[in-house]
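Okay, so here's the structure we're looking at.
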Amino acid sequence: MTEPEDTTTALPQTCVRCGTLALLRIVGHCGNCAADMGLRHSEDYARWRAEVKKEFGVK
């Protein structure tokens with residue numbers, strides 16, 4: 001018997017910060033917003049990083 005073909009597709013999700021549809025979203029934020037926060041909005045970035053650590057833990 002053969003394996004069924006994998007037909008799953010990633011679906012874009014809306015970023016909670018900018019409203020853009022994105023395939024990459026980490027704790028609600030797209031990659032562009034994560035980078036922007038890291039470069040220009042350190043308080044927002046620190047808050048977001050705390051959420052990431054809470055959601056995924058620390059290694």
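Quick notes on this one:
- Helix 31-40 vs. the chain, principal-axis angle (Cα, 0 to 90°, nearest 10): 10
- For CYS30, nonlocal amide neighbours, meaning residues 5 or more places apart or on other chains whose placed amide H falls under 5 Å from its own, are VAL16, ARG17, CYS18.
- Highest to lowest packing among 17-26, 3-12, scored as the average C-beta count within 10 Å: 17-26, 3-12
- Angle between the chain longest axis and helix 42-56 axis [Cα atoms, degrees, rounded to 10]: 40
- Note on the chain: helix-only mean residue ellipticity at 222 nm, from DSSP H runs of 4+ residues weighted -39500 (n - 2.57) and normalised by residue number, equals -13500 deg cm²/dmol.
- Inter-probe distance in nm under a simple model that places probes 7 Å from Cα toward Cβ, at THR9 and GLU55: 2.4
- Convex hull volume of the Cα atoms of the chain, normalised per residue: 118 Å³.
- Residues in segment 20-27 carry Karplus couplings, in order, of 6, 6, 9, 7, 9, 9, 10, 6 Hz; the curve used is 6.51 cos²θ - 1.76 cosθ + 1.60 with θ = phi - 60°, and Gly or Pro positions show x.
- About its Cα centre, the dipole of the chain is roughly 440 debye, where the only charges are +1 on Lys and Arg Cβ and -1 on Asp and Glu Cβ.
- Whole-percent carbon and sulfur share, accessible surface of the chain, 1.4 Å: 53
The values are calculated or read from the model by the stated rules, or taken from the named source; none is laboratory data. Everything numeric in this text was worked out from a predicted model, so none of it was measured. Please note: Cβ atoms are built from the backbone with ideal geometry, for glycine as well, and neighbour counts cover all protein chains shown. Accessible surface areas use protein heavy atoms only, side chains included; no ligands, DNA or RNA. Shrake-Rupley method; radii C 1.70, N 1.55, O 1.52, S 1.80 Å.
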